[in-house]
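These notes are about the structure you will find just below.
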Amino acid sequence: MLSLKLFLPLFATSSVLAQTPAPKPKTANDYVAQLVAKLSPTRKIVYKKVADRELSLHVFQPEGWKAGDKRVCYVTIHGGGWTGMGPERMYAFADHFAKLGLVSISVQYRLASAKTNTTVFDCVKDVRSAIRYVRSHADQLGIDPGQIIVSGGSAGGHLAASTAMFDFNEDSDDLKISPVPSALVLLFPVIDTSAEGYGNAKIGERWKELSPAHNVRPGLPPTITFHGTADPTTPFKGAQIFHDAMLKAGNRSELVIHEGGDHGYLMRTQPLFDECLAKTDAFLKSLNLLP
């Protein structure tokens, strides 16, 4: 069971992350990419098989870890418009929280593709399966099943929110096991899938079923969202709509605004990355989810 205190309505705050406009995107050479090149997970665990495809959890174990521990678990999900990139992209975030004593996991999921008949709904099913696996294997992973943080960037932010918001599940999943986390950390997320947001054409006519901004309800996990005001990919307006709807529903929501920030701004430089982590740490400490 998740701790009820995490779902109590709390006042939200907004803050500004850095003041100078972010540089133009250089995905292959940004600061996070440089960090990732030096990192590797402790192990990889297959959490799901779909036909002949195996999907893995890339696990970063903290120093002194042992099976049977009751550590907080941090799960991160990569972006790429649901169609690209991989778990390696989020290794720097996983490594940070592993160094703080958490078991950290970067999730692999099926990429949406017309060639394989894989849809965004399938991506949602995969990440919900991943959290169910993590929760049901808590002893082996050395985690507390009631203390799971889920984070993600861009489309990964959308999928992170999906673990709490959308009831689309694999037929093989044990629906008695909840995929809902204790907290959400959303990084420049796909948050509005309408024609004014991102992903409308990729999802199709059922877009509203997968739009976080259009499906907020009471009882969602405490959420912190990082977003730039000049994001041309996932417009800032969607993040503001989501944040306001969360508050109206009585949920805790913090919106960290980067004035002039474009898509992926906090991955670009060490100061922006470090400040994002510091604000995330403070948010999680307020929920008793960091040591």
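What to note about this one:
- Taking Cβ atoms as reference points and 9 Å as the exclusive limit, the residues near residue 138 contribute a net charge of 0, counting Lys and Arg as +1 and Asp and Glu as -1.
- Among 31, 91, 109, residue whose mean-square fluctuation peaks in a GNM of the chain (springs only between Cα atoms under 10 Å): 31
- Its convex hull of Cα atoms gives the chain a direction-averaged projected area, equal to a quarter of the hull surface, of 13.8 nm².
- Under 20 Å of direct C-alpha separation, and excluding same-chain neighbours fewer than eight residues apart, residue 66 reaches these aspartates and glutamates: 95, 139, 144.
- Simple point charges give the picture: +1 on the Cβ of Lys and Arg, -1 on the Cβ of Asp and Glu, and for the chain a dipole about the Cα centre of about 320 debye.
- The antiparallel fraction among DSSP beta bridges confined to segment 71-178 stands at about 10%.
- For segment 74-159, the Kirkwood hydrodynamic radius comes to 13.2 Å, computed from all pairs of different C-alpha atoms.
- Mean separation of Cα contacts under 8 Å (6+ apart) over length of segment 138-291, as relative contact order %: 20 percent
- Debye intensity ratio I(q)/I(0), log10, segment 118-267, q values 0.12, 0.15, 0.19 Å⁻¹ (C-alpha model): -0.47, -0.73, -1.13
- For the chain, a Gaussian network of Cα nodes joined below 10 Å ranks 116, 269, 83 by mean-square fluctuation, and the top entry is 116.
- Alpha carbon convex hull of segment 92-142, volume per residue in cubic angstrom: 83 Å³
- Choice from 160, 213, 195 showing the highest fluctuation, given a GNM over the chain with Cα pairs closer than 10 Å: 195
- Take every Cα pair under 8 Å whose residues are at least 6 apart in sequence, average their separation, divide by the length of the chain, and the relative contact order is 23 percent.
- Pairs with C-alpha atoms separated by more than 24 Å, drawn from the list 99/285; 48/176; 38/99; 125/202; 125/285; 38/285, are 125/285; 38/285.
- With the gyration tensor restricted to C-alpha atoms of segment 216-280, the semi-axes of the equivalent ellipsoid amount to 23, 14, 7 Å, longest first.
- When Rg and the Kirkwood Rh are both derived from Cα coordinates, the Rg/Rh ratio for segment 41-198 amounts to 0.95.
Read-outs throughout are calculated quantities, based only on the coordinates presented, and are distinct from any laboratory measurement. Since this is a predicted model, take the numbers as computed values, not measurements. Glycine also receives a Cβ, built like all others from the backbone with ideal geometry; neighbour counts cover every protein chain displayed.
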